[in-house]
Every structure is written in C-alpha cells, then in structure tokens.
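Student: Let me begin by handing over the structure; questions about it come next.
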Amino acid sequence: MVRGRRLDLGTPALLGLPLGWLGVFFLAPIAIVALYSVDVLSIIPGPHAFTLTGWHDLVHGGVYLHLFWKSVEMSLTVSLVVVALAYPLAYYLALSGTPRKYILLLILIAPFLTSYLLRVLAWKVILGSNGVINTFFFWTGIRSPDHPISQLLYSRFAVMLVLAYIWLPFVALPIFVSLENLDRHLLEAASDLGATRLRAFLNVTLPLSAPGVIAAFLFVFIPTVGEFVTPSLVGGTSGYMYGNQITDLFSSGFPDWQTGSVLSLFLLAVVGVLVAVFSRFNQVGDPVTD
C-alpha cells in the first residue's frame, strides 16, 4: 500500500499565498507609482527619462508642503479631540461594571451599519443654510432667515466636525479593549496603598491603557490626513486637504500623474515613519513580564 503524501504546512507554505497577494496588490502598485514619480512611466506619449523634478518641486515649491501641513494640523486636531471624547466613553463601558455594556457597545458601533457617504451627506442637511441648526436659530429668533450662519458648512470646521463624528465610534473600540483587559487587582492594590481614584488612574490605568490610546490615535490620524471624500462634500475651498490635491492631480481635466505620484509617496513615507515611531514607543513602554 502506498502511503499518501502528507500536506506540508510549514511556514513557507502558509505564508506563500498572503505574501504573494501582498506583493501583487500592495508592493507592485507602489513600485508603479514610484516609476511615475520619476517620469520613467508617463501618460504622455513619447520617450521619457529618469528625473527628480517632481520631488524637487515638492521640496522647494512650498505650495504642496503648506497644504500637507494644513492637513496634518486638521487631522491632529480631530485625532486629539476624538481620543479625548472616546476615552471616557470606553472607560465607562469597560470599568463601570454595568451589565448592559455590550448592548451599549453595540449601540456605539451601530453607525457602521450605514453607509459612510450617507452619514456625511446627512451632515450637509444639518449644517446647511436651511438645515437643522439654522432652522432652530430662525425659530428661536437668534438669527434672521435672511442671515443664516453660512460658516457651518463648506469650511474647515465642517470637515473636522464630520470627521470627528465619523471616527468617534471606531476610536473607542481599541481603548475599550485595552481597558477591558486591565487587571483589576492592580487598582485594588493601589487603593490599599492609599492612592486616590485620580492617583490610581494617572499611575495605573492611564499608562496601562496607553497602547490602546496610541492605536486609537493612529486609527484616526492616518486615514484623515489623506482624506478627500469628506472635504469634497462639506469642506469647500477652506476645507481643501492634501488628499483632495492628490485626487485632482490624477483625475482633473489636466492630469499630472508625476506630481500626484510624488505627493502620494510622500504621504505614504510620512505615515510609515509615524507608524514605526509609535510602534517603537509601544515596545519601549510595554512592561516586562516574567
């Protein structure tokens, strides 16, 4: 009798398919964008040679860098506000001991059951000149119907408000998980040693939940710094962000794929460095366990 061949489930066999998928659908597109950024590939017919003109314009032009730092400022503000709002919410769900915490958690993530686009468009109705907020002001007599608050929509404020609303439920989840896994005996020990609740929170709860807080911050900052859908719908000219510029360079009537590729790779590099720094910070901050 011939013994059947055993299926090799070693590490190379298990990693072959996902690594191949990563190479084809992640690394290869990045390589193509990199070739466009140095003009080796181009949508313009004719011969092309290697050039760093696009990178030189990015570094020395100032226009794109100014727009990038504007987007970083907006994303940083949104990230800090959302984390500050999500932490007390996650703290209550994880440490209050309420038996309904999983029901409340389900309610928290319920907005994800609806379309991202629909949630953004709903804010256009709320913030518009004849929207819910202005209508309330008309009804109370605070504002005249002839003079609505036009700054609510198509502004930087509208972009940051909508982004904060969109990402708040998502940010609360990693903080909730971090607090849910917190050893309650440490809090009891701190109390037995005479620490107040505030002192125990600052010295025990907050440091141990820091990995979840950092992860939550990155969950907001990374996608919002390159956001283009929300600014396009509620931002107007003052809410124009770095991601909108990249989109316009690729899809406008006069496309410039070389510059768009440079901006895309620059954003990818900044995000990669940021993730590496925070990952290193997390590793250094992790307590050593026996």
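The values are calculated or read from the model by the stated rules, or taken from the named source; none is laboratory data. On a predicted model such as this, the values are computed, not experimentally measured, just so you know. Heads up, the Cβs are rebuilt from the backbone with ideal geometry, glycines too, and the neighbour counts pull from every protein chain shown. Each accessible area value is taken on the protein alone, full model and side chains, heavy atoms only, with ligands, DNA and RNA left out. Shrake-Rupley method; radii C 1.70, N 1.55, O 1.52, S 1.80 Å.
Student: What shape does the chain take by its C-alpha gyration tensor, where a ≥ b ≥ c are the square roots of the eigenvalues and a/c under 1.5 counts as rounded, a/b above b/c as prolate, and the rest as oblate?
Tutor: Values: a/c = 1.91, a/b = 1.07, b/c = 1.79.
The shape class here is oblate.
Student: Got a number for carbon plus sulfur as a percent of the chain's accessible area, 1.4 Å probe? All intermediate terms of the calculation are to be shown ahead of the outcome.
Tutor: Numbers: 12650 of 17940 Å².
Exposed carbon and sulfur together represent 70 percent of the surface.
Student: Relative contact order for region 1-150: what is it in percent, counting Cα pairs under 8 Å that are at least 6 residues apart?
Tutor: Numbers: 49 pairs, mean separation 10.5, N = 150.
Rounded, it is 7 percent for region 1-150.
Student: Ignoring ligands, DNA and RNA, what accessible area per residue does the chain give at 1.4 Å, in Å²? Don't skip to the answer; put the middle values down first.
Tutor: On the way: 17940 Å² over 290 residues.
On a per-residue basis, the chain sits at 62 Å².
Student: Let me ask something additional. Roughly what would the spin-label model give for Trp69 and Val275, points 7 Å off Cα along C-beta, in nm?
Tutor: Taking the simple label geometry, Trp69 and Val275 are separated by 2.6 nm.
Student: Follow-up. Rounded, prolate or oblate: which fits region 1-131, taking a ≥ b ≥ c as square roots of the Cα gyration tensor eigenvalues, rounded meaning a/c under 1.5, else prolate when a/b beats b/c?
Tutor: Oblate, since a/c reaches 1.5 and b/c is not below a/b.
Student: Taking the chain as a Gaussian network, Cα atoms linked when under 10 Å apart, which of Ala122, Ala210, Ala90 shows the biggest mean-square fluctuation?
Tutor: Result for the chain, Cα springs under 10 Å: Ala122 fluctuates most.
Student: What would the Debye equation give as log₁₀ I(q)/I(0) for region 75-231 at q = 0.10, 0.13, 0.15 Å⁻¹, counting only Cα atoms as equal point scatterers?
Tutor: Computed log10 I(q)/I(0) values: -0.49, -0.73, -0.87.
Student: Near Leu173, within a Cβ-to-Cβ distance under 15 Å, what is the net charge of the other residues, with Lys and Arg +1 and Asp and Glu -1? Kindly include the intermediate steps, with their values, before the conclusion.
Tutor: Numbers: positive: Lys101; negative: Glu180.
So the surrounding residues net to 0.
Student: Now for a separate question. Pairs of alpha-carbon atoms within less than 8 angstrom and 6+ residues apart define the contacts here; what relative contact order does the chain have, in percent?
Tutor: Details: 275 pairs, mean separation 72.6, N = 290.
So the answer I get is 25 percent.
Student: Count neighbours as other Cβ atoms within 10 Å of each site's Cβ, and list the trypsin sites (Lys or Arg not before Pro) in region 126-209 that are DSSP loop with at most 14 such neighbours.
Tutor: Values: sites: Arg143, Arg156, Arg184, Arg197, Arg199; in loops: Arg143.
Filter output for region 126-209: empty list.
Student: Through the Karplus equation 6.51 cos²θ - 1.76 cosθ + 1.60, θ set to phi - 60°, convert the phi angles of region 198-215 into ³J(HN,Hα) values in whole Hz; use x for Gly and Pro.
Tutor: 5, 5, 5, 5, 5, 9, 10, 5, 5, x, 6, 8, 4, x, x, 5, 5, 4
Student: For region 83-121, which trypsin sites (Lys or Arg not before Pro) pass both filters: DSSP loop (anything but H, G, I, E, B) and at most 16 other C-beta atoms within 10 Å? Show your work: numbers first, answer last.
Tutor: Working: sites: Arg100, Lys101, Arg119; in loops: Arg100.
Answer in residue order: Arg100.
Student: With the Cα gyration tensor of region 148-290 giving a ≥ b ≥ c as the square roots of its eigenvalues, does the rule (a/c under 1.5 for rounded; else a/b larger than b/c for prolate; else oblate) give rounded, prolate or oblate?
Tutor: It is oblate, given that a/c is not under 1.5 and a/b is not larger than b/c.
Student: Sort His66, His56 by heavy-atom solvent-accessible area, probe 1.4 angstrom, most to least. Numbers along the way, then the final one.
Tutor: Values: His66 130, His56 105 Å².
Per-residue accessible area, sorted high to low, gives His66, His56.
Student: Further, regarding this structure: What full-extension length gain, to one decimal in nm, is calculated for Lys101 and Phe157 as 0.36 nm per residue of separation minus the Cα-Cα distance? Don't jump to the answer; show the numbers that get you there.
Tutor: On the way: separation 56, 0.36 × 56 = 20.16 nm, distance 3.23 nm.
Separation in residues times 0.36 nm, less the Cα-Cα distance, equals 16.9 nm.
Student: Which residues in region 184-209 have a backbone N closer than 11 Å to a point placed 7 Å from the Cα of Tyr92 along the Cα-to-Cβ line?
Tutor: none
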